[in-house]
Amino acid sequence: MRRKAFLKLMPGIAAVGCATQPAGREGAAMPTGRPRGPDDEAWWAAIAAQYEPTDFVNLENGFFTRPARPVTDAQTRHRDEINRRGAHYMRTDLEARIEGVRRRLAAFAGTPAEELALVRNTTEAMNIVLQGLPWAEGDEIVLSNQDYDTVVGILRTLVRRRGVVLREATLPEQPRSDDEVIAAYLEHVGPRTKLALITQVIHLTGHVLPVPAIAAALRERGVTVLVDGAHGFAQLPGDIPAMGADFFAASLHKWLGAPLGNGLLWMRAAEIPRVEPLFADVARPSHDIRRFEHIGTRPAHDVEAIADAIDVHEHMGAEAKRARLLYLRQRWVTAVSSRERVRLRSPLDDARACAIATFSVDGLTPRALQAALWERHRIYTVAIEHPVIQGVRVTVHPSTTAADVDGLVAALDAV
Ligand SMILES: Cc1ncc(COP(=O)(O)O)c(C=O)c1O
């Protein structure tokens with residue numbers, strides 16, 4: 001992803017060193033330059049100071065990845081302006097501001113702006129694509145046994161309403177190669193396969209799938225590829241089109257750190273007329289991606305703050321952020337892996353790993369383990385009770401410190 005000059009884009013800034021920086025918590029300045037490495041605690045502490053402090057250790061950052069203070073400040077400024085100017089803002093500035101955000105997000109994601117819809121979350125994007133495509137009875141869709149429940153729910157709705165047939169691939173938990181993962185999908189591809197759903201990062205375990213390789217193999221067989229990028233976007237490197245899929249959906253309130261209720265939907269230009277919008281729109285031509293955004297009046301201040309979230313992300317630097325998250329995760333994962341009762345349910349290999357990882361402890365249910373960490377140590381995690389994966393999920397965040405994850409390891413020794 002491209003790195004842009006951050007400083008000139010951020011209003012409301014405080015002076016530090018030779019550069020002006022956005023103010024974080026209690027006026028804390030963003031660190032200057034780049035971290036010396038993923039273990040540069042001083043640099044990352046200055047990043048952590050950009051987030052509101054909590055009186056507990058939050059290691060459940062997968063549901064909602066809290067935005068930094070410069071983003072919430074900007075959101076408030078945008079909201080105040082809209083509330084002050086009312087319809088004058090809506091009639092004169094709204095469209096241009098939204099188009100500015102679309103262009104900025106498209107440049108960040110490496111897509112043409114005309115292929116990018118600003119939606120509210122992955123769920124909405126997935127519904128638009130899956131409910132909007134033309135299905136015939138007997139069409140087959142390949143999914144996996146570890147996709148997100150809500151998305152699987154949309155597919156089950158298609159079975160009921162449109163007569164499609166689902167074919168479920170079984171993902172290996174610790175793949176020995178990409179070929180093993182690709183084969184799991186290809187095994188279910190047949191002459192009636194129309195679409196495959198690939199989840200870029202499995203929410204249960206943080207398992208990163210080799211999307212470009214899977215997508216290439218599927219498209220070669222004429223299968224349309226839909227990527228659930230809820231946990232991949234702005235956490236993993238790479239432009240959206242480079243994945244080689246046909247559709248990509250993501251939630252921006254996860255790894256981009258945008259305010260709640262922001263998502264994106266990308267599709268190849270050729271796909272746009274093929275998809276019928278969920279909410280009727282007769283005002284725009286069939287090739288216009290904006291057809292999918294017609295939900296009536298919406299909180300534009302949240303959409304405007306996407307640009308501010310990109311500023312913060314780019315200030316950290318995509319590569320430095322990824323390296324930091326991986327460093328924190330591998331720090332606790334490596335420490336607990338040697339414990340006799342602990343079982344890691346996520347891949348260890350860096351290429352398949354990210355900020356999320358899941359483990360279990362022999363003799364404890366996920367709920368009992370989650371409750372023990374919370375009640376005795378004030379460490380917040382989430383219990384995963386899924387037919388395939390059971391354990392406690394830990395997700396680090398840019399504001400997580402090495403001391404936080406070391407505290408988790410110490411707490412597990414005491415459990
Ligand atoms: C893999 C995956 N897909 C989709 C979603 C749904 O995201 P949202 O609730 O933001 O629509 C989630 C949420 O955690 C997820 O983990």
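We did not get these values from a lab; they are worked out from the coordinates using the rules stated. The model shown is predicted, which means the values in this text are computed figures rather than measured ones. Quick reminder, even Gly has a Cβ in these numbers, built from the backbone with ideal geometry, and neighbours come from all protein chains shown.
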Taking the simple approach of a point 7 Å from Cα along Cα-to-Cβ for both Ala136 and Tyr380, what is their distance in nm?
5.1 nm
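Percent relative contact order of region 88-309, based on C-alpha pairs within less than 8 angstrom and at least six residues apart? Intermediate values should be presented prior to the final figure.
Values: 405 pairs, mean separation 58.0, N = 222.
It comes to 26 percent, rounded to a whole number.
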Whole-angstrom gap from region 88-104 to region 209-248, using each part's C-alpha centre
30 Å
Suppose only helical runs count, i.e. DSSP H with n ≥ 4. What mean residue ellipticity at 222 nm does that imply for the chain under -39500 (n - 2.57) per run, divided by all residues and rounded to the nearest 500 deg cm²/dmol?
-11500 deg cm²/dmol
Give, in whole angstrom and from largest to smallest, the semi-axes √(5λ) of the equivalent ellipsoid of region 320-414, with λ running over the eigenvalues of the Cα gyration tensor.
20, 15, 12
Obtain the nm distance between the two label points defined at Ala368 and Arg162 by a simple spin-label model: each point lies 7 Å from its Cα along the Cα-to-C-beta direction.
4.5 nm
Share antiparallel - DSSP beta bridges, the chain, percent rounded to 5:
60 percent
For region 190-285, rounded, prolate or oblate, judged on the Cα gyration tensor with a ≥ b ≥ c (square roots of eigenvalues), a/c < 1.5 rounded, else prolate if a/b > b/c?
oblate
About the Cα centre of region 250-348, what is the dipole size in debye to 20, counting +1 per Lys and Arg Cβ and -1 per Asp and Glu Cβ, all else neutral?
820 debye
Nothing charged except the Cβ atoms of Lys and Arg (+1) and of Asp and Glu (-1): what's the magnitude of the dipole of region 320-414 about its Cα centre? Round to the nearest 20 debye.
240 debye
log10 I(q)/I(0) for the chain, Debye formula on C-alpha points only (no solvent), q = 0.06, 0.07, 0.13 Å⁻¹, two decimals, reads -0.25, -0.34, -1.17
Contact order relative to length for the chain, counting C-alpha pairs under 8 Å separated by 6 or more residues, stands in percent at 22 percent
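Using a/c under 1.5 as the rounded threshold, could you call region 240-302 rounded, prolate or oblate? The axes a ≥ b ≥ c are square roots of the C-alpha gyration tensor eigenvalues, and prolate needs a/b larger than b/c, oblate otherwise. Please list the in-between numbers first.
Values: a/c = 2.91, a/b = 1.12, b/c = 2.60.
Here region 240-302 falls in the oblate category.
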Can you tell me the convex hull volume per residue for region 88-309, based on C-alpha atoms, in Å³ to the nearest whole number?
115 Å³
